[in-house]
1. Could you list all residues from the stretch 110-141 that are exposed (fewer than 12 other Cβ atoms within 10 Å of the Cβ), of a type outside the set (D, E, K, R), assigned to a loop (DSSP other than H, G, I, E, B) and free of Cβ contacts under 8 Å to residues at least 60 places away in the same chain?
2. For the stretch 32-44, state whether one or more residues are small (Gly, Ala, Ser), more than 29 Å from residue 141 (Cα to Cα) and under 16 Å from the mean Cα position of the chain (by Cα).
3. Among the polar types (S, T, N, Q) and modelled with pLDDT under 95: which single residue out of 140, 93 fits that description?
4. Where residues in the stretch 1-60 are part of a loop (DSSP other than H, G, I, E, B), in contact with a strand residue (DSSP E or B) (Cβ under 7 Å, 6 or more places away or on another chain) and in contact (Cβ under 8 Å) with a residue 40 or more places away in the chain, which of them is nearest to residue 112 (Cα to Cα)?
5. Within the stretch 120-138, how many residues turn out to be more than 15 Å from the chain's Cα centre (by Cα) and within 30 Å of residue 55 (Cβ to Cβ)?
6. Considering the stretch 97-109 alone, what residues qualify as being modelled with pLDDT of 95 or more and outside any strand (DSSP E or B)?
7. Is it fair to say residue 6 is closer than 30 Å to residue 142 by Cα, among the polar types (S, T, N, Q) and exposed (fewer than 15 other Cβ atoms within 10 Å of the Cβ)?
8. One residue is enough: does the stretch 96-107 have a residue meeting the conditions loosely packed, with under 14 Cβ neighbours inside 10 Å, within 28 Å of residue 139 (Cβ to Cβ), assigned by TED's automatic domain parsing to the domain that holds residue 134 and of a type outside the set (D, E, K, R)?
Amino acid sequence: MDVDRTLSIIIIIFIIIGLLGVVYIILTPNETEKYTEFYLLGQNGKAGDYPTNLITGESGNLTVGVVNHEYSTSSYQMKIIRNNRTLKTENFTLTNGQKKEIPFEFTPEYSGQYKFEFNLYKLPDNTTVYRSLFLLVNVTNYYG
């Protein structure tokens, strides 16, 4: 009888340890995937409908989005560049899970192809691009 009771106690201990392990796994988030989302939204606030074909003097609108999934507060610098000329620079800090969307409007003055580069730096390193996007915009003097 003592053997049966001892085995029952050992089995109950293993069940409790197993349940504690399952609870720990469920309650502890997996922090292995640390990253920052960096995206462009078109004129309708969706990933698409980008202003890629414009007439001279016509405005294009974009939204640049950043979401922190780094599991810590992170500081960023975002630069928008056209033909090696910086058009906009913005510094900001996001807590884990926080999102920032930055509107960007541009009006090409000349016909041709414009390459807009969107570079995100994770500060304090403002020399190495952390994430990057680009958009090519064709500008004509008229439709025809």
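1. Answer for the stretch 110-141, where residues must be exposed (fewer than 12 other Cβ atoms within 10 Å of the Cβ), of a type outside the set (D, E, K, R), assigned to a loop (DSSP other than H, G, I, E, B) and free of Cβ contacts under 8 Å to residues at least 60 places away in the same chain: 110, 124, 127, 128.
2. The answer is no, given that none of the residues of the stretch 32-44 is small (Gly, Ala, Ser), more than 29 Å from residue 141 (Cα to Cα) and under 16 Å from the mean Cα position of the chain (by Cα).
3. Going through 140, 93 in turn, the sole match is 140.
4. Here the residue is 56.
5. Final tally of qualifying residues: 4.
6. Passing the criteria: only 98.
7. no
8. There is at least one residue in the stretch 96-107 that is loosely packed, with under 14 Cβ neighbours inside 10 Å, within 28 Å of residue 139 (Cβ to Cβ), assigned by TED's automatic domain parsing to the domain that holds residue 134 and of a type outside the set (D, E, K, R).
The values are calculated or read from the model by the stated rules, or taken from the named source; none is laboratory data. Everything numeric in this text was worked out from a predicted model, so none of it was measured. Methodologically, a virtual Cβ is constructed for each residue, glycine included, from the backbone with ideal geometry; neighbour enumeration extends over all protein chains shown.
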